[in-house]
Amino acid sequence: QLDPFYASIILFVGRAWDAITDPMVGFFISKTSWTRFGRLMPWIIFSTPFAVISYFLIWFVPDISRGQVMWYLIFYCIFQTLVTCFHVPYSALTMFISREQSERDSATAYRMTVEVLGTVLGTAIQGQIVGKVVPPCIESPLFIGKPNSSVAMEDVNMTRDTGSLTDTRNAYMIAAGVIGGLYILCAVILSVGVREKRESSELQSDKPGSFFQGLKLVMNHSAYIKLIAGFLFTSLAFMLLEGNFALFCTYTLGFRNEFQNILLAIMLSATLTIPLWQWFLTRFGKKTAVYVGISSAIPFLILVAVLDSNLIVTYIVAIAAGISVAAAFLLPWSMLPDVIDDFKLQHPDSHGHEAIFFSFYVFFTKFTSGVSLGISTLSLDFAGYQTRGCSQPSEVHFTLKMLVSAVPVGLILLGLLLFKLYPIDEEKRRKNKKALQDLREESNSSSESDNTELASIV
């Protein structure tokens, strides 16, 4: 029941707060001492219960007439911070379970497969529980002469049945409780089933460099900047597609009762094809996989906007989009450990910066989500989108076509151009791997020599 303007302010401030917490959490992790649980796992274990509580309170409607905006702003920022305390060390675990590039790539493929499955599961849980009590759409005559969606919402709020509002509140609370329970279950499985290997990373220095020194080194690493830039634009393209596809199916294509199944087709297609892309990148290289995987969505995105409404074509486009979504999910995360290895070779005396690499990667993931939300909301509001309307003006249909077709295609092309500048190809990756092995062998032999000399002295 908040004004849409205040809801936008909450989301914007939350994303801005993320810009601070992501790198800072990465810094604090790099300063954390090793424990019997590891260096990363304590962050995951101790943040989980508080994250679940704050998530639950985001969906709770406080019985106060004033201060609701501050309530949601505070708990949204707290939740974002606690999710960062989980997500940054969770992502960085890839560097702490093995030294082998192939094993890290395999772990990344498994992680992204389950992450997409989790997205499907979360969407299904929230959609099925809340969808049963969502009020029906309102016929367009009610909106005549009301180009502003917030004005339309005032009429909706005045006529909304109190019992229906109570049922909706309860449905959101139940969904929050179920998802919170899944959060705890997954955190328990992770903490029990995964063990950090200290020897898998060079993060062994008791006194890693300062945060700003490490940040300067990381941000001056050319391969990292180019990878992030390409990742930023391709992620934004697919988030725009994902965020607006339901509205596009409902209003522009006229498949109001099919969009959940179409969304499910996208996510299942992505889940099933991640192993395919894992095989492809090991066979043909990661840069080739990026070009082939992400660009494969372009003709289908153009097709769905050009052709008339057709359910079969829409499902084909959904499956094709899912295949590209899998590549966009997997490949940037699979390429990040290669960048960190390249950084270690260029800065062999600088330790403890892995968490900074991953924290900024996590930040840009959230940043693209926020930018996508802002672009979509402002564009649809400018086009005259009618909240809960059974139909929309022609300007909204045109805007939705742009948001799911033309804009994503342009962003994908720009992202692929930036990936072209990414310097770590397969030959460079193999050279880095061999050079790192030589450094480790040299370090081990030096350590053994020192131990032998110490023993002889004793």
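The values are calculated or read from the model by the stated rules, or taken from the named source; none is laboratory data. Values in this document were obtained by computation on a predicted structure and should not be read as measured data. Because the Cβ atoms are built from the backbone with ideal geometry, glycine has one as well, and the counts that use them run over all protein chains shown. What goes into the accessible areas is simple: the full protein's heavy atoms, side chains included, and nothing from ligands, DNA or RNA. Shrake-Rupley method; radii C 1.70, N 1.55, O 1.52, S 1.80 Å.
Overview of values
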item	result
Breaking point among (1) over 26 Å from the mean Cα position of the chain (by Cα); (2) under 26 Å from I9 (Cα atoms); (3) not β-branched (V, I, T), for F50	(1)
Within the stretch 284-317, tally of residues that are touching a Ser or Thr at 6+ places or on another chain (Cβ under 7 Å) and at pLDDT below 85	2
Hey, T123 over 19 Å from A355 (Cα atoms), outside the structural domain of L272 (by the TED database), crowded, with 17+ Cβ neighbours inside 10 Å and modelled with pLDDT under 85 or not	no
Flag if S350 is part of a helix (DSSP H, G or I) and of a type outside the set (D, E, K, R)	no
For F367: the one exception among (1) open to solvent by less than 20 Å² (accessible area, probe 1.4 Å); (2) more than 25 Å from L264 (Cβ to Cβ); (3) touching a residue at least 60 places away in the same chain (Cβ under 8 Å)	(1)
Test: residue in the stretch 227-235 that is assigned to a helix (DSSP H, G or I), open to solvent by 20 Å² or more (accessible area, probe 1.4 Å) and without any contact (Cβ under 8 Å) to a residue 40 or more places away in the chain	no
Set V325, V313: member being surrounded by fewer than 21 Cβ atoms within 10 Å (Cβ to Cβ) and assigned to a helix (DSSP H, G or I)	V313
Given (1) within 27 Å of F329 (Cβ to Cβ); (2) of a type in the set (V, I, T); (3) open to solvent by 10 Å² or more (accessible area, probe 1.4 Å), number of the condition I29 does not satisfy	(3)
Residue selected from the stretch 370-411 under the condition part of a loop (DSSP other than H, G, I, E, B) and not polar (S, T, N, Q), by the criterion surrounded by the most Cβ atoms within 10 Å (Cβ to Cβ)	Y385
Lone qualifier among F5, F50, F60 - being assigned to a loop (DSSP other than H, G, I, E, B) and either within 25 Å of K197 (Cα to Cα) or touching a residue at least 24 places away in the same chain (Cβ under 8 Å) (or both)	F60
Residue match in the stretch 188-203 (condition: at pLDDT 85 or above, open to solvent by less than 60 Å² (accessible area, probe 1.4 Å) and assigned to a helix (DSSP H, G or I))	yes
Pairs where the first residue, in the stretch 412-435, is in the same structural domain as P348 (by the TED database) and surrounded by fewer than 15 Cβ atoms within 10 Å (Cβ to Cβ) and the second is among the hydroxyl-bearing types (S, T, Y) and assigned to a helix (DSSP H, G or I), C-beta under 8 Å, 6+ apart	P423/S222
Filter result (aliphatic (A, V, I, L, M) and outside any helix (DSSP H, G or I)) within the stretch 64-108	I64, I97
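Let's see how each residue does on (1) outside the structural domain of S102 (by the TED database); (2) in contact with an Asp or Glu (Cβ under 6 Å, 6 or more places away or on another chain); (3) surrounded by fewer than 21 Cβ atoms within 10 Å (Cβ to Cβ):
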residue	(1), (2), (3)
F255	yes, no, yes
I266	yes, no, no
L276	yes, no, yes
W279	yes, no, yes
F284	yes, no, yes
K287	yes, yes, yes
S295	yes, no, yes
L303	yes, no, yes
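For (1) loosely packed, with under 15 Cβ neighbours inside 10 Å; (2) of a type in the set (F, W, Y), each residue gets a yes or a no:
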| residue | (1), (2) |
| --- | --- |
| D18 | no, no |
| T35 | yes, no |
| M41 | no, no |
| F46 | yes, yes |
| V52 | no, no |
| L73 | no, no |
| C85 | no, no |
